[in-house]
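Asks: I am attaching a structure below and will ask some questions about it afterwards.
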Amino acid sequence: MDMTDISNVVNDYILEIVLILGGLLAVIIAIQYVRKKESFSYKALTALGFIFGILMVIVALVDYKDWILSTALIVAIAGFALIIRPIRNVHISPLFALLVMAIVYISLGTLTTVGSIDVSFLAEGWPRIILAFVIGAIFYMLFNFAESIIKMFGKVLNWWPLLFVLGLVCIAEGICVYLGYGSVYDLILPYLQN
């Protein structure tokens, strides 16, 4: 078995691999959180989950058209839950706002005209600083709002019992897809309709 064979197997079963590994990571992270949330192993698993969550979201964005909708949603939700776990208490919006301020400040340094209007007074001194600050503040408000919404969903999805159940659903979904049954939802739906 050479690298081409391994690559073909991974391409053929990428959905199942992503679901089962992501589910196992979610379950293990939830168990480790309950056992000892301050341990190095929990922090290492959370970091690994962050990286694997990014991979899950990328795979979902690239291949979702080939999947059943419920399966694609499970992959996306699990990926988001793994990504947000280590950064759910980190405030990122001030960093983005500072980056925007720096970009605006630098960009204003080369500004001389807008259309036929002379705006070279914005390229130096206090007007340049004030405009960069105001634009940065506006972006801070927008980023802070978006960050608050993301963190709200992140806190719900990272409540350890829900993360544990989400991991089990991912594992079950991966097994169902591998065995050719489709989604867990497709298996349960006939029983719910009766």
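Asks: What is the chain's relative contact order, in percent, from Cα pairs under 8 angstrom and six or more apart in sequence?
Replies: Reported as a whole number, the value is 33 percent.
Asks: Which one, [x] 54, 36, 23; [y] 70, 46, 39; [z] 97, 33, 33, gives Cα extents along the principal axes in Å as derived from the coordinates shown?
Replies: Correct label, based on the coordinates given: [y].
Asks: A further question on this structure: Using the Karplus equation 6.51 cos²θ - 1.76 cosθ + 1.60 (θ = phi - 60°), what ³J(HN,Hα) coupling, rounded to whole Hz, does each residue of region 172-178 give in order, writing x for Gly and Pro?
Replies: 4, 5, x, 5, 4, 5, 4
Asks: Using a Förster distance of 45 Å, how high is the FRET efficiency between residue 130 and residue 3, based on the Cβ-Cβ distance and rounded to 0.05?
Replies: Once the sixth-power term is evaluated, E becomes 0.20.
Asks: Charges only on Cβ, +1 for Lys and Arg, -1 for Asp and Glu: so what's the dipole of the chain about the Cα centre, in debye to the nearest 20?
Replies: Computed about the Cα centre, the dipole is about 920 debye.
Asks: Grab the Cα-Cα distance for residue 181 and residue 102, subtract it from 0.36 nm times how many residues apart they are, and report the gain in nm with one decimal.
Replies: 23.1 nm
Asks: At a probe radius of 1.4 Å, what is the per-residue accessible area of residue 107, in Å² to the nearest 10?
Replies: 60
Asks: Find the accessible area per residue for the chain; the probe is 1.4 Å, ligands and nucleic acids are left out, and the unit is Å².
Replies: 64
Asks: Probe radius 1.4 Å, ligands and nucleic acids left out: which of 147, 38, 173 has the largest accessible area, and how do the rest follow?
Replies: So, going from the largest accessible area down, we get 38, 147, 173.
Asks: With θ set to phi - 60° and the Karplus curve 6.51 cos²θ - 1.76 cosθ + 1.60, what are the ³J(HN,Hα) couplings of region 93-99 in order, to the nearest whole Hz, using x for Gly and Pro?
Replies: My calculation for region 93-99 gives 4, x, 5, 5, 5, 5, 5 Hz in order.
Asks: Quick one: what are the phi-derived ³J(HN,Hα) couplings along region 142-155, Karplus 6.51/-1.76/1.60 with θ = phi - 60°, whole Hz, x for glycine and proline?
Replies: My calculation for region 142-155 gives 5, 5, 5, 4, 4, 5, 5, 5, 4, 5, 4, 5, x, 5 Hz in order.
Asks: While we're on this one: Using modelled amide H (1.01 Å from N, peptide plane; none on Pro or chain starts), what sits under 5 Å from the amide H of residue 119, excluding residues fewer than 5 places away?
Replies: So residue 119 has HN proximity to 113, 114.
Asks: Another question, if that's okay. Determine the share of the chain's accessible area contributed by carbon and sulfur atoms, expressed in whole percent, with a 1.4 angstrom probe.
Replies: 74
Asks: Please report how far the C-alpha centroid of region 2-55 lies from that of region 91-118, rounded to the nearest whole angstrom.
Replies: 40
Asks: Provide 160, 126, 67 ordered by accessible surface of protein heavy atoms (probe 1.4 Å), highest first.
Replies: 126, 160, 67
Asks: Starting from the eigenvalues of the Cα gyration tensor, five times each then square-rooted, give me the equivalent ellipsoid semi-axes of region 92-147, largest first, whole Å.
Replies: 25, 10, 8
Asks: Looking at the square roots a ≥ b ≥ c of the eigenvalues of the Cα gyration tensor of region 23-136, which shape do they give, rounded for a/c under 1.5, prolate if a/b is larger than b/c, or oblate?
Replies: Note, shape of region 23-136 comes out oblate.
The values are calculated or read from the model by the stated rules, or taken from the named source; none is laboratory data. Everything quoted here is computed from the prediction, not taken from an experiment. Cβ atoms come from the backbone with ideal geometry, glycine included; neighbour counts cover every protein chain shown. Only protein heavy atoms, including side chains, enter the accessible area calculation; ligands, DNA and RNA are left aside. Shrake-Rupley method; radii C 1.70, N 1.55, O 1.52, S 1.80 Å.
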